[in-house]
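First up is the structure itself, then whatever we jot down about it.
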Amino acid sequence: MKQVPFAGTIRTITRDGRSGVVALDADVQAAVGKAFAVISPDTRGRIALMNGTGQLKAGVHVEGTAVDGSEALRALSVKAG
Amino acid sequence: MGTYQWVDAANIGGLISYNTLTAEISHPAAKSAVGLLQFVGGGKRLIPSHECLEIGDIVLSGHPKRENGKDKWHPVQKSQLRQGCDPASCRWTHAMLYVGDLHVIESNKPTKLRTGVTLAPLTRDSHNREFLILRYKGTDFVERREDIVRYALMSSYLAPRQYDIGGALASHFRWRPNGADHSKRIFCSEFILECFFVQGPFLVKEFIAVTEGENQFFLPADLAVDDRFDHLPMKYFELE
């Protein structure tokens, strides 16, 4: 499956803090045709984003690689950026 | 027991023996499924057909209609009607995720001995509940469905959660007293929503609405009207 780069801002996180929705930047949205990417427990680089708190944080700008899905991108790797 | 309205010759696929069942699904799963099977009208023991189910299917359940065609009273049905859900879909009052071998994982109702996220045989309710199978359309779901089920079964965060009786009752009043905080409790359809969102990613906008919205709920009727799912009738075998 083709991987695409993405960038955006973490908007919503799950209650366990390990997954979340990234609202994609406008230029990325235009390129991939999706509004969101989803960080899941399977996404690499997630732990570093938690800064020792065990929780992702809304409002942090991130970038990474993802694969396309029918409703949103599925993040394979992510880092602050 | 009265006429078994939701099962007739059209959706009974024939006879199946216990030995055949144990050859088709694992022996412990067959033992668990048959152990809870109850007789229905006509002295038959009808077992849902594993042939028409696929891993990752959502199974909705609801009370069959009365013989006069009217729905039986159910608090979740009333809540869904008050939420403005499609009236025909409000009869589906519980949602479960099929994990294979005639078993489902669900956030269970508190009337059962063990509440919260549990694994259960689909046969537990098949004598007095009607089922509807929902299957997400699209090839990417086929690639993701086993991850969705793995997350539902194995997540150290999801598994300990109790049934969110407060959330389910609050949906009747369209007011969730503690916002969208269901970190320790969750009810059936929102459990499925979380599994589909995290490992899909599917139902993304619905997850955002429930998480960010003050008094947003995701109910079984919301799944029943979603056109991203195919609707498939449940088929049955008669156990010899």
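Just so you know, all these numbers are worked out from the coordinates, no wet-lab data involved. Nothing here was measured: the structure is a model prediction, and the numbers come from that model. Because the Cβ atoms are built from the backbone with ideal geometry, glycine has one as well, and the counts that use them run over all protein chains shown.
Here the Gaussian network model covers chain A, with springs between Cα atoms less than 10 Å apart; of A:19, A:70, A:40, A:70 fluctuates the most. With helices as the sole contributors, chain B gives -9000 deg cm²/dmol at 222 nm; each DSSP H run of n ≥ 4 counts as -39500 (n - 2.57), and the sum is divided by every residue. Separation of the alpha carbons by more than 20 angstrom is noted, of B:31/B:72; A:2/A:34; B:44/B:72; A:34/B:137; A:34/B:205, for B:31/B:72; B:44/B:72.
The H on the amide N of residue B:202, modeled in the peptide plane, is under 5 Å from the matching H of B:197, each at least 5 residues off or on a different chain.
Couplings 3J(HN,Hα) of region B:132-139, computed from phi: 10, 9, 10, 10, 4, 7, x, 6 Hz, in residue order, whole Hz [Karplus 6.51 cos²θ - 1.76 cosθ + 1.60, θ = phi - 60°; x for Gly and Pro]. For residue A:62, the amide hydrogen comes within under 5 Å of the amide hydrogens of A:8, A:9, A:10, A:81, counting only partners 5 or more places away or on other chains and with H modelled in the peptide plane.
Calculated FRET efficiency, residue B:232 and residue B:72, Cβ-Cβ r, R0 35 Å, to nearest 0.05? Efficiency, from the Cβ-Cβ distance: 0.90.
Checking every one of the chymotrypsin sites (Phe, Trp or Tyr not before Pro) in region B:21-113 against DSSP loop status and a limit of 16 other Cβ atoms within 10 Å picks out B:39, B:73. Here's the picture: charge each Lys and Arg Cβ at +1 and each Asp and Glu Cβ at -1 in the protein assembly as shown, and of A:81, B:197, B:116 the one pushed furthest to the positive end of that dipole is B:116. Its Cα centre serving as origin, the protein assembly as shown has a Cβ charge dipole (Lys and Arg +1, Asp and Glu -1) of approximately 900 debye.
Could you work out the pair-distance distribution P(r) of the protein assembly as shown from its alpha-carbon pairs, with 10 angstrom bin width and percents rounded to whole numbers? With a bin width of 10 Å, the distribution comes to 6, 25, 32, 23, 11, 3, 0. Modelled this way, with points 7 Å down the Cα-to-C-beta line, the labels at residue B:55 and residue B:8 are 3.6 nm from one another. Evaluating 6.51 cos²θ - 1.76 cosθ + 1.60 at θ = phi - 60° for every residue in region B:93-108, the Karplus couplings come out as 10, 8, 10, 9, 10, 6, 10, x, 6, 6, 10, 10, 10, 8, 9, 8 Hz, glycine and proline recorded as x.
Counting Lys and Arg as +1 and Asp and Glu as -1 over every other residue whose Cβ lies under 14 Å from the Cβ of residue A:50, the net charge comes to +4.
Charge dipole (Cα centre; +1 on Lys/Arg Cβ, -1 on Asp/Glu Cβ; no other charges) of region B:69-110 amounts to roughly 320 debye.
What is the local net charge at residue B:53, summed over the other residues whose Cβ is closer than 10 Å to its Cβ (Lys, Arg +1; Asp, Glu -1)? My count for the surroundings of residue B:53 gives -2. Efficiency by 1/(1 + (r/R0)^6): what FRET value for residue B:225 and residue A:79, r their Cβ-Cβ distance, R0 = 30 Å, to the nearest 0.05? According to the calculation, E is roughly 0.15.
Please compute the net charge surrounding residue B:237, taking Lys and Arg as +1 and Asp and Glu as -1 over other residues with Cβ under 13 Å from its Cβ. Charge balance near residue B:237 sits at -1. May I ask you to list the residues of region B:201-240 whose amide nitrogen lies under 14 Å from a point 7 Å from Cα along the Cα→beta-carbon direction of residue B:27? No residues fall inside that zone.
Taken about its Cα centre, chain A carries a charge dipole of about 240 debye when Lys and Arg each add +1 at the Cβ and Asp and Glu each add -1 at the Cβ.
Once the C-beta distance of residue B:36 and residue A:25 is scaled by a Förster radius of 56 Å, the resulting FRET efficiency is 0.60 to the nearest 0.05. Computed from phi, the 3J(HN,Hα) profile of region B:41-50 under the Karplus parametrisation 6.51, -1.76, 1.60 (θ = phi - 60°) reads x, x, x, 8, 10, 9, 10, x, 7, 5 Hz, with x in place of Gly and Pro.
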